[in-house]
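Coordinate-derived values only; no laboratory data. Since the model is a prediction, treat every value here as computed from it, not as a measurement.
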Amino acid sequence: MGRGPEEKTSTLKNDLTVVIKGGIGDNSWWYANSPSEVRTILSRYYTGPLLDQLSQDCWIFVQQPTDWYCQDSLSDIEIIRQNKSQAEVIALLKDYNLLTGKSRAGEAKYIFTKTEQGWRICSARYSWPQENEGELSR
């Protein structure tokens, strides 16, 4: 007996939630020793040109003497479109500043594609409220 539409949607939502949480919360790439290691880590969550760009950007970041003052978390997601090979999601995010203790809410629009390894983010657009002067930006 097959799964009903509600169960399929719930399973999809869970699968996509795991990928988003990993994409915004897995910081193990900070400790990578090579561009290929960064790419391997990020490929758990991303694919396509977005993976290429993030891998390059993250490797450059790792090599710089910089600090990371923010911690992002996922509050909720809404699947706004889906088929067997793609899904589009609006995600509510929270960005917590570790120095000031302040947090802000933002939104992300993710497009997922189904790969042999599972769902992966192929497009990401973020919308955060305007930052006040003096706040850290990334």
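Values computed for the structure shown
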{"read-out": "Structure-derived volume of the Cα convex hull per residue in Å³: which label, when the choices are (1) 101; (2) 122; (3) 249", "value": "(2)"}
{"read-out": "Estimated [θ] at 222 nm from DSSP helical runs (n ≥ 4, -39500 (n - 2.57)) normalised by residues in the chain, nearest 500", "value": "-10500 deg cm²/dmol"}
{"read-out": "Folded to 0 to 90 degrees: helix 5-25 orientation relative to the chain principal axis, Cα", "value": "20"}
{"read-out": "Relative contact order of the chain, pairs being alpha-carbon contacts under 8 Å that are 6 or more residues apart, as %", "value": "19"}
{"read-out": "Unsatisfied cross-links (Cα-Cα over 18 Å) in the set 13/102; 84/114; 94/114", "value": "13/102; 94/114"}
